[in-house]
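Just below is one structure, and these are the notes that go with it.
The values are calculated or read from the model by the stated rules, or taken from the named source; none is laboratory data. Quantities reported herein were computed from a predicted structural model and do not represent experimental measurements. Quick reminder, even Gly has a Cβ in these numbers, built from the backbone with ideal geometry, and neighbours come from all protein chains shown.
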Amino acid sequence: MIPTLPSQLHGPGDWGRLRPMRIDGDYMQPTIPRGAVVGVLPADDYHAEGLYVVTQLGVPQLRRAQKMIGEPVVRLSFDNPAYVPVTISLDEFRDILLGRVVAVLTVLDPVRLPI
């Protein structure tokens, strides 16, 4: 069975922009397990609730982002309840935003995809 492409991928050009990122921690479990590889499209603004890659202390980190209704703030959380969420301004979110996660990838040849 061929999976449906995420709605964020609109054409062949988007595939060239997709960047892999390995998830090293357990902070997104059970949704995304440790060691999984996600596909990230570059982004410069909040689009909708979902998974985003932000930089914290210079390190790319995966977070679930949710804009709070009626407020210019974004809640950054983890799927693993052992980790504490933070709330930042929408402008701060834009400053640290690297991309939006659009896929969890199955790596068939890790030698050719050294991440």
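Among the residues that make up the range 91-109, is at least one of them exposed (fewer than 12 other Cβ atoms within 10 Å of the Cβ) and basic (K, R)? The answer is no; no qualifying residue exists. Annotation note: Cβ proximity below 6 Å between a residue of the range 17-44 that is closer than 17 Å to G99 by Cα and a residue that is small (G, A, S) (sequence gap 6+ or interchain) occurs for L18/G39; I23/A36; G39/A103; V40/G99; L41/G99; P42/G99; A43/G99. Here the condition is being farther than 14 Å from R19 by Cα, part of a loop (DSSP other than H, G, I, E, B) and either modelled with pLDDT under 95 or out of contact with any Lys or Arg (no Cβ under 7 Å at 6 or more places or on another chain) (or both); of I69, I115, it holds for I69 alone.
Loosely packed, with under 11 Cβ neighbours inside 10 Å and modelled with pLDDT of 85 or more: which single residue out of A48, A43 fits that description?
Of the residues listed, the single one that is loosely packed, with under 11 Cβ neighbours inside 10 Å and modelled with pLDDT of 85 or more is A48.
Within the span defined as the range 82-105, every residue fails to be in a loop (DSSP other than H, G, I, E, B), farther than 16 Å from R34 by Cβ, at pLDDT below 95 and touching a strand residue (DSSP E or B) at 6+ places or on another chain (Cβ under 7 Å).
With respect to the stated conditions, R75 fails to be under 17 Å from L97 (Cα atoms), surrounded by 14 or more Cβ atoms within 10 Å (Cβ to Cβ), touching a Phe, Trp or Tyr at 6+ places or on another chain (Cβ under 8 Å) and modelled with pLDDT of 90 or more.
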